[in-house]
1. What's the number of the only condition in (1) within 25 Å of ASN41 (Cβ to Cβ); (2) modelled with pLDDT under 95 that ILE211 fails to meet?
2. Hey, can you tell me all the residues within the stretch 199-214 that are in a loop (DSSP other than H, G, I, E, B) and either open to solvent by 30 Å² or more (accessible area, probe 1.4 Å) or touching a residue at least 60 places away in the same chain (Cβ under 8 Å) (or both)?
3. Within the stretch 142-165, can you find the residues that are under 11 Å from the mean Cα position of the chain (by Cα) and open to solvent by less than 10 Å² (accessible area, probe 1.4 Å)?
4. The conditions are (1) surrounded by fewer than 20 Cβ atoms within 10 Å (Cβ to Cβ); (2) within 24 Å of ALA34 (Cα to Cα); (3) among the basic types (Lys, Arg), and LYS139 fails exactly one of them. Which is it?
5. Go through the stretch 119-134 and report how many residues are over 17 Å from HIS58 (Cα atoms) and buried (at least 22 other Cβ atoms within 10 Å of the Cβ).
6. Can we say HIS58 is farther than 23 Å from VAL170 by Cα, touching a Lys or Arg at 6+ places or on another chain (Cβ under 9 Å) and of a type outside the set (A, V, I, L, M)?
7. Would a scan of the stretch 175-188 turn up a residue that is open to solvent by 30 Å² or more (accessible area, probe 1.4 Å), assigned to a loop (DSSP other than H, G, I, E, B) and of a type in the set (Lys, Arg)?
8. Pull up the stretch 62-118, narrow it to residues that are of a type in the set (A, V, I, L, M) and assigned to a strand (DSSP E or B), then point me to the one that is surrounded by the most Cβ atoms within 10 Å (Cβ to Cβ).
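The values are calculated or read from the model by the stated rules, or taken from the named source; none is laboratory data. Everything quoted here is computed from the prediction, not taken from an experiment. Because the Cβ atoms are built from the backbone with ideal geometry, glycine has one as well, and the counts that use them run over all protein chains shown. Calculation scope for accessible area: heavy atoms of the full protein, side chains included, ligands and nucleic acids excluded. Shrake-Rupley method; radii C 1.70, N 1.55, O 1.52, S 1.80 Å.
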Amino acid sequence: MASQTDPDALVDERDLSSSIGFVHEQRAKIVVAALQRRHFNAQYVRTRAEALAAILAHIPAGATVFRADSVTLDQLEVIPALRRRNTNEVKWPQEKDGNGKNLYGDYEENKALYAKLQREVFSADVYLTGANAVTLDGKIMSTDGGGNRVAAMIFGPSKVVIVMGVNKIVKDLDAAFDRIRNFCAPVNVKRHFDMHKRPWYGEIPCATTGICTDCDHPRRICNYTGILEGALPRFKDRINVILVGEAMGM
């Protein structure tokens, strides 16, 4: 008989993925049901592979596709998949090269070009994006620096596909706001500073403190917040949410 001090007699609790996955899935089901009550199309998928397949299923051949700046979409490798499929015109105004430089050039030096691209988003057949948070009662919150993402989510493109990991689920709008200001924003600022080589992001207070101070820095990225609470009947098929049973994005 194994003794009480025998390591082989102890329960191995080093891997809690099954228990955590169970909780995530139950919460996700609550959120999906709430989103559907608010007249959004919503579905839960367990894995990233299933999420990519679900996204592609929303995009018919010949549709014009725009995508937002989204780490979640990067992780799913949506653009490479669409380009391999080669049945859609795909535009990504924020696309960058391996050094983090914008393919369309610097924002400040090419304002007219970026303005044109961002206006074209509103006439897209499909708009792909992530979001910063979703509440248990089905409200989606996102915050932008320039407002181009939240604007297109709210109005314009014929179809919007929002992809989120289960880590984006929060209790309520207060928790969503806190998550955005004290987690998403500092991480995003550091991402731009570290990976996109833009030194001015290092001047934003949360880049050094990791905590929001509700700053008035001219480069602050928390200028426009959008909350999606529901859809009118004529728009009931416009917003489609894919909730992924993995932590994704930030």
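1. (1)
2. Listed by number, the residues that qualify are PRO205, GLY210, ILE211, CYS212, THR213, ASP214.
3. Correct list: SER142, VAL161, ILE162, VAL163, MET164, GLY165.
4. Among (1) surrounded by fewer than 20 Cβ atoms within 10 Å (Cβ to Cβ); (2) within 24 Å of ALA34 (Cα to Cα); (3) among the basic types (Lys, Arg), the lone unmet condition for LYS139 is (1).
5. Number of matching residues: 4.
6. Answer is yes for this residue.
7. no
8. Among those residues, the one meeting the criterion is VAL65.
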